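Below is one structure, written out as structure tokens, with a few remarks after it.
The numbers here are math on the coordinates, done by the rules we state, and not lab data. These figures come from a predicted structure and were not determined experimentally. Virtual Cβ from ideal backbone geometry, glycine too; neighbours counted across all protein chains shown.
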Amino acid sequence: MLVQFANWVQGELACSPALAKIVGILLAAVPLATVFALCFAFTTWLERKGLARIQNRIGPNRVGPFGLFQPIADGIKMITKEDIVPRSSDHFFHLIAPLLVLVSSMACLAFIPFGLGMTMSPIDTAVVFFFAILGMNTLAVFLAGWASRNKYSLLGGMRAVAQMVSYEIPLVLSAVTVVMMVGSLDTREIVGAQVVEGWATSENSGLRFLGQIAGWHVFTPWGFAGFIIFFIAALAETNRSPFDLPEAESEIIAGYVTEYSGFKFALFFLGEYIGAFAVLGLAITLFLGGWNGPNFQPWWSSDPHALLIPGFVWFFFKMFVLMAVLIWIRGTLPRLRVDQLMSFAWKFLLPLALVNVFVAGFLFHVAKEDRVWASVAAFVFLYLVAKGLSRMNQSDAPAPRKYHFAE
Amino acid sequence: MDLLGSGIFKGMAVTLKNFAMTYFDRGRKERLPTVQYPEAGDTVTLFTRNFPFLIYDGEEEVDGMRCVACQICERECPPACIYIVKEKDENGKFVKRPKVFDIDVSVCMGCQICVEVCPFDAIVMDSEFEYSKEDRFGDLLFNRDELLKSNDYYHKIHPEEAQARDANLAAKKAADEAKKKAREEKAAAAAAAKAAAEKEASEKKDSPEASEPVAEEPKAEPAAPSENHAKAESEAKEKPAAEETPVEEPAAATDETEDAKEESSGGSEGKETSEEPEETAGSGEDDEKKAEEGEGVS
Ligand code: SF4
Ligand code: SF4
């Protein structure tokens, strides 16, 4: 609907291209910002409720039904809170850091196709652009840590840089496999490649149903390994538990947000969640079929491409499922140590991602009739590589301590 | 050789189970013990104890008070949050009742020691749930009238304990009565003997001399108790020897009577020597009687 409205407005404004362009950008950006701000609010609620249940608590349940309006109350609190800026901090960068986090996260969203024709900035190098802008996040976080002039902030910023730079490599490498296989950097084409074309347009509704799923990259060996690597690296990239070292409460207060309060803190929070949405959105685009999902042809339409459930519904459904998994992981896994974090990235994820790239390249050249056997072999091979890597990493773990006088 | 990452999945299964079970009635009790406080009421059980309160018997709050202002609890309270001032009648004579009995519940740590040491079962632990107050200082200093609660209330919150205490009190009363009787008989016998002796003596001497041995006893005793009353707790700590007798075995019936004797003799300051034997038999019941008498006088 919005798309149609936007197209209509564009048509009306065709006489002045410059104005049309500005209006077009606004029309695309405003709903995006609004929808994701709402998603953020809902996710904070989901996270608090989910974590509470995992920890055998009830969670927020006072404001509105099931505490659903809690984010609004929190927002009001955040806005009305006093904004404290340390006297010796670098005021300008202290101010600009949260904005930068939010802007870079939001900008990443521009390349995600939420539905058919619902990509805000449809460019053919979207994946590269995405990672380039995501890299700005690191800068912003470090800026926050440095500008605060606080040892905890600085430590948090340092950790963030080390972690984000390390994990960016497996993140990109796992995305590279998809780019290799599809042969395009355009996110729309990547999504399109995950539909089994022959099935999806067939008359048989069951086959069409399957055709929307079976092509997902996550069901291929390289896609499966790639998705897992991507997901783990995404956790680290967005500072989510168990990789939330930059804001480890038990060690460095709140890391780089230690000196932030009030609305600036809220901006950081928002930026981080939007960043998580963006990275998850890319994961969905690359591996989970984007906005494709089991779908039907509406009975009133004869167009074989018409869908009963709009694509963005599937997209947001997948996003929230992944978000729930993120919350679930947060409720389960304890935080890693810094050395564990680093060795995991460099000794496990990176080699595995590299091997995965080669496996993908190998599979690309396998003839069509041998695909099945090659896939099974690739699965086994990748698993063995992963197992071997984990074995190798275990050897430098210290032996379990022996207690001589205990007992 | 277990599957790669199986440890993580095991952990995830545990949290998933915890998450899911909170939504089913079967797992509710164990997994979701939270009580929605203002709606679902409090979590007070029969075993809840928080702060002490004073019991009164019958209908009248002040007259039915069991406390005799013996100040044992005041001295024993570890954080020293009890403050007692004894009541005096218009003659300046101490009545067996506290005029001021303050407990600073912001200091009280709920240790129940005051309850343990009270020889008269006058102070017991409460289980009131909603103690929130608006004033940090004044409201948290509970005075005598706030602390006084009826025995019925006590029976309501801790029925078994209350019954045990009542039985204990009744047994004590019976024992005291028996003792009193025995003592009265003895006194009667002594009086008879004395009368006989007096008769003999009156033929020879004047009466005052004969009464002297009776007055001897209270004269010796007031020294210790009066010291106790006069000195603050800090000073009392320096002289533990003087304190020890009432402190160590306050629950024993004999000590009680002694205590009461001390109190009464301290109060009367040896003036009413003839009343002495009756007062030493003091139990809760006697205190009441006395309190009533005092009321009648005033
Ligand atoms: S010990 Fe018992 S009787 Fe003595 S003052 Fe305390 S509450 Fe009253
Ligand atoms: S419960 Fe303990 S701290 Fe509280 S008044 Fe009694 S003796 Fe003092």
Which whole number gives the average count of other chain Cβ atoms within 10 Å of the Cβ atoms across peptide A:57-65? 2
DSSP-loop GluC sites (Glu not before Pro) across region B:91-200, with at most 13 other Cβ within 10 angstrom: B:130, B:134
Where in chain A are the DSSP H helices whose alpha-carbon span along the long axis reaches 20 Å or more and whose Kyte-Doolittle mean is at least 1.0? A:17-54, A:91-109, A:126-147, A:151-182, A:221-237, A:262-287, A:311-332, A:350-364
Extension reserve of the residue A:72-residue A:34 stretch, reckoned as 0.36 nm per residue once the Cα distance is removed: 12.3 nm
The FRET efficiency for residue B:23 and residue B:175, from their Cβ-Cβ distance with R0 = 56 Å and rounded to 0.05, is 0.40
Quickly estimate the mean residue ellipticity at 222 nm for chain A, helices only: each DSSP H run with n ≥ 4 gives -39500 (n - 2.57), and the total goes over all residues, rounded to 500. -22000 deg cm²/dmol
Within chain A, longest stretch clear of exposed chymotrypsin sites (Phe, Trp or Tyr not before Pro) (DSSP loop, no more than 16 other Cβ within 10 Å): A:70-295
Which links in A:49/A:151; B:96/B:156; A:151/A:402; A:81/B:17 stretch past 30 Å when you go from one Cα to the other? A:49/A:151; A:151/A:402; A:81/B:17
With a ≥ b ≥ c taken as the square roots of the eigenvalues of the C-alpha gyration tensor of region B:33-85, please select rounded if a/c is under 1.5 and otherwise prolate if a/b is larger than b/c or oblate if it is not? oblate
Between A:242, A:98, A:60, which gets the highest mean-square fluctuation from a Gaussian network model of chain A, Cα cutoff 10 Å? A:60
Does chain A come out rounded, prolate or oblate by the C-alpha gyration tensor, with a ≥ b ≥ c the root eigenvalues, rounded set by a/c under 1.5 and, if not, prolate when a/b is larger than b/c and oblate if not? oblate
Assuming a viscosity of 1.306 mPa s and a temperature of 10 °C, what translational diffusion coefficient in µm² per second does Stokes-Einstein assign to region B:51-157, Rh being the Kirkwood radius over Cα pairs? 112 µm²/s
